[in-house]
Amino acid sequence: MYRRSQTIKSILSFVPGKQRFGVYRFLPVFFCIGGVMEWIMINVRIGKETFYDVYRRKRSEREYQEKVDGGLIGMTGTAPK
């Protein structure tokens, strides 16, 4: 366990800016990772949908269900027999 900790420390010491920025020197890396993840969620299609297509559909379904539950919209189906 101690050896692994030393290995991680030695790898992280190669990142420049330790004296000036401290732990914040990793912030640009995570910012870029977040940007790439956002781009993937917007542009990459899995099947026929992107993440945001699913999000918009689910949000619309929830809003409709809230309106039905609140009595603002009547159910337009046939009565049960």
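The values are calculated or read from the model by the stated rules, or taken from the named source; none is laboratory data. Note that this is a predicted model, so its numbers are computed, not measured. As a convention, Cβ positions derive from the backbone with ideal geometry for all residues, glycine included, and neighbour counts pool all protein chains shown. Ligands, DNA and RNA are excluded from the accessible area calculation, which covers all protein heavy atoms including side chains. Shrake-Rupley method; radii C 1.70, N 1.55, O 1.52, S 1.80 Å.
Just a few scattered comments:
- If the condition is being among the hydrophobic types (A, V, I, L, M, F, W, C), assigned to a helix (DSSP H, G or I) and either touching a Lys or Arg at 6+ places or on another chain (Cβ under 6 Å) or surrounded by 10 or more Cβ atoms within 10 Å (Cβ to Cβ) (or both), then the stretch 9-18 contributes only Leu12.
- Filtering Leu12, Leu27 for residues that are at pLDDT below 85 and among the aliphatic types (A, V, I, L, M) leaves a single hit, Leu12.
- The set of residues in the stretch 19-51 being open to solvent by 70 Å² or more (accessible area, probe 1.4 Å), of a type outside the set (Phe, Trp, Tyr) and within 25 Å of Lys9 (Cβ to Cβ) consists of Gln19, Arg20, Val23, Leu27, Pro28, Val29, Cys32, Ile33.
- Contacts under 7 angstrom Cβ, first residue in the stretch 52-76 being outside any helix (DSSP H, G or I) and at pLDDT below 90, partner surrounded by 10 or more Cβ atoms within 10 Å (Cβ to Cβ) and charged (D, E, K, R), 6 or more apart: Ile73/Lys67
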